[in-house]
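The values are calculated or read from the model by the stated rules, or taken from the named source; none is laboratory data. Nothing here was measured: the structure is a model prediction, and the numbers come from that model. A quick note on method: Cβ atoms are made from the backbone with ideal geometry, for glycine too, and the neighbour counts reach across all protein chains shown.
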Amino acid sequence: MTIFSVQSTIFTRASVSILSSNGLKRFSFASSSSFSSNALHSSPLPKTKKRRFPIVSAVDIGGVTIARNEVVRDDDPTNNVPDSIFSKLGMQLHRRDKHPIGILKNAIYDYFDSNYDKQFDKFEDLSPIVTTKQNFDDVLVPADHVSRSLNDTYYVDSQTVLRCHTSAHQAELLREGRRRFLVTGDVYRRDSIDSTHYPVFHQMEGFCVFSPEHWKESGKDSTLYAAEDLKKCLEGLARHLFGGVEMRWVDTYFPFTEPSFELEIYFKEDWLEVLGCGVTEQRILKQSGLENNVAWAFGLGLERLAMVLFDIPDIRLFWSDDERFTSQFKEGELGVKFKPFSKYPPCYKDISFWISESFTENNFCEVVRGIAGDLVEEVKLIDSFTNKKGMTSHCYRIVFRSMERSLTDEEVNDLQSKVRDEVQRKLNVELR
Ligand code: DAH
């Protein structure tokens, strides 16, 4: 379970309105994350601890070197950043012009540049390591909100997190005097495992401040003016990216906007949430001395949009270095359809255990990912019951599948045996 709209939402929805434009029904947006180029140094693993990955000892984030021990701390009980996540810091897929995420970002830039005469300032290498104030307090996330939990967010220490949304930068940019901006970056969330969820993904935040002359001229009330302008802007963006596509607006809740909306697009016979947005809470503007203004903001998930636009079936592919993936995309070419290379066979393994009170599915998924990395495709709860003594059993099916090769039985058995050892050791569960 996560915070805000993009990977999944805990907030209630009220109503849905289907839009029609150019005679076509249209849609409403939201989102959801190897190693290599950003890893500055890899050290060989201690022989006794056989791991699938080398431990990355430092990463480069926008020219700043961050050492592993600044982010992965075994001695701090608040720290829950595993090595697999640390290695993703600084990868910046959104800054690769031939990568689907970078191609999509550039297409969105084109839309804003041509429709707003390059008035939106662009930020794309703000550090993903932020304070809890930036990530939560500045955008009015309540103190008891579930997104603040260690189960949902990666904490470096009690006051520092890996940002879980690009909204974490709204307040600082407003304070710097920015009035129209786009912030693109990698965001981090602890979550379940399936083809559309990955603990690292990319978002783009948009923010636009209006002063009284804007809405006074229109004769409309400031909130209505901003909400209408926001919807017009995002519908235009959706058309720019998708051409004719069915879309709808869904009323929703975010701590930082009122009213709040989600945009969904109709894709493969289903409504897909692709972005969250709304009219910014006055308190946020006030913090930056903008009490006489009104603003709109949005946050869109780049992976989810790219999966639709490029027909990419599994979110893990975005992280693949396999040439059969990377060579299919070209700078500036939006919507080239991905041709899957042969699909290798899945291997299913079940694991059953009695859970303890502290058990969470996110913790379990993190253990599995820590061992199998991108070889795990899905983790699914397939059975759950409570016995007479009040003990609860869970049975999970783990789907192992590589996107690049066939896995051997031996290899999968080895992974599964490590999962069994580690869930017992780390999660205080009793295997059945
Ligand atoms: N931060 C939200 C999320 O991650 C998305 C979002 C919603 C951003 C509304 C906004 C906004 O700026 O106004 O789900």
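Here are some notes:
- Verdict on LEU285 being more than 8 Å from the ligand (Cβ to nearest atom) and assigned to a loop (DSSP other than H, G, I, E, B): no
- Matching residues, the stretch 274-333, being farther than 27 Å from ARG405 by Cβ, over 16 Å from the mean Cα position of the chain (by Cα) and of a type in the set (Phe, Trp, Tyr): TRP296
- Scanning the stretch 131-158 for residues being of a type in the set (Phe, Trp, Tyr) and closer than 21 Å to HIS197 by Cα gives a total of 2.
- Residue match in the stretch 186-195 (condition: more than 20 Å from the chain's Cα centre (by Cα) and of a type in the set (A, V, I, L, M)): no
- Cross-chain or 6+ apart pairs with Cβ under 8 Å, the stretch 287-315 first and within 16 Å of HIS165 (Cα to Cα) and in the same structural domain as HIS165 (by the TED database), then of a type in the set (Ser, Thr, Tyr) and more than 15 Å from the ligand (Cβ to nearest atom): none
- Among the candidates LYS380, LYS349, LYS343, LYS388, residue that is out of contact with any helix residue (DSSP H, G or I) (no Cβ under 6 Å at 6 or more places or on another chain), closer than 18 Å to SER195 by Cα, modelled with pLDDT of 95 or more and charged (D, E, K, R): LYS380
- Filtered by the rule that a residue be surrounded by fewer than 23 Cβ atoms within 10 Å (Cβ to Cβ), among the polar types (S, T, N, Q) and within 15 Å of the ligand (Cβ to nearest atom), the stretch 165-216 gives a lone residue, THR196.
- Among residues of the stretch 386-410, those that are within 30 Å of the chain's Cα centre (by Cα), of a type outside the set (A, V, I, L, M, F, W, C) and within 30 Å of ASP322 (Cβ to Cβ), counted: 7
- Options THR153, THR160; residue that is over 30 Å from PHE310 (Cβ atoms) and modelled with pLDDT of 95 or more: THR160
- Applying the criterion of being in a strand (DSSP E or B) and more than 10 Å from the ligand (Cβ to nearest atom) to the residues of the stretch 261-273, the residue that is surrounded by the fewest Cβ atoms within 10 Å (Cβ to Cβ) is ASP270.
- Listed conditions (1) within 16 Å of the ligand (Cβ to nearest atom); (2) part of a loop (DSSP other than H, G, I, E, B) are all met by GLY244, apart from (1).
- Selection count where residues are more than 22 Å from the chain's Cα centre (by Cα) and of a type outside the set (Lys, Arg), scope the stretch 70-84: 5
- Annotation for the stretch 346-357: at least one member residue is within 24 Å of ASN80 (Cα to Cα) and polar (S, T, N, Q).
- Residues of the stretch 196-218 that are modelled with pLDDT of 95 or more and under 14 Å from the mean Cα position of the chain (by Cα): TYR198, PRO199, VAL200, PHE201, HIS202, GLN203, MET204, GLU205.
- When GLY236, GLY276, GLY299 are screened for being outside any strand (DSSP E or B) and either away from the ligand (no atom under 16 Å from the Cβ) or buried (at least 18 other Cβ atoms within 10 Å of the Cβ) (or both), only GLY236 passes.
- Within the stretch 247-260, the set of residues being within 15 Å of the ligand (Cβ to nearest atom) and either surrounded by fewer than 24 Cβ atoms within 10 Å (Cβ to Cβ) or within 29 Å of GLU213 (Cβ to Cβ) (or both) comprises TRP249, VAL250, ASP251, TYR253, PHE254, PRO255, PHE256, THR257, GLU258, PRO259, SER260.
- Test: residue in the stretch 358-365 that is closer than 16 Å to ARG432 by Cα and more than 22 Å from the chain's Cα centre (by Cα): yes
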